[in-house]
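Notes follow once the structure below has been shown.
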Amino acid sequence: MTRSLLTLILEEVARAATWPDRIARSSDVVSESLRFIERRCLGPLTLDDVAAAVNRTPSYVTTALRRATGRTAVAWIIAGRMAEARRRLLHSDENVDVIAERVGYSDATHFIRMFRRAHDGATPAAWRAQHGRSR
């Protein structure tokens, strides 16, 4: 019995010694994933695409991102698209349908729904008007 306990303790010590390596690998996955999302979020992009780019499973990527940043991969994709949508709304006279397409949404209605969800219920046109830019 003592031998079994000693074996278990030694295994736990060995596992604990690899934690920094696991944390470093997780950190690399997080930074690689965020860079990939930043480069590609304005086009068609899914969690599966991000996972494939960093050679991990979708669940691993989204868990690593959530633990490190508090957001999932899909939330980061949406955040990148919304940031570009806000920039275009403020600095261009492009129609909302055009902006929707340019930030990765083929369906303008879906884009408007996502924008409202991210901006306290304001439509893109209302947000533009509120922030000093009218169409």
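The values are calculated or read from the model by the stated rules, or taken from the named source; none is laboratory data. In this text, all values refer to a predicted model and were calculated from it rather than measured experimentally. Backbone-built Cβ (ideal geometry, glycine too); neighbour counts: all protein chains shown.
Of note:
- Some residue of region 45-62 being small (Gly, Ala, Ser) and under 12 Å from the mean Cα position of the chain (by Cα): yes
- Identity of the residue in region 52-71, of a type outside the set (A, V, I, L, M, F, W, C) and crowded, with 16+ Cβ neighbours inside 10 Å, that ends up farthest from residue 114 (Cα to Cα): 56
- Candidate set from region 119-135 (those that are of a type in the set (D, E, K, R) and surrounded by 11 or more Cβ atoms within 10 Å (Cβ to Cβ)); member that is modelled with the highest pLDDT: 128
- Qualifying residue in region 110-133 (condition: under 14 Å from residue 42 (Cβ atoms) and touching a residue at least 60 places away in the same chain (Cβ under 8 Å)): no
- Residue within region 91-111 that is surrounded by 14 or more Cβ atoms within 10 Å (Cβ to Cβ), within 15 Å of residue 38 (Cβ to Cβ) and among the hydrophobic types (A, V, I, L, M, F, W, C) present: yes
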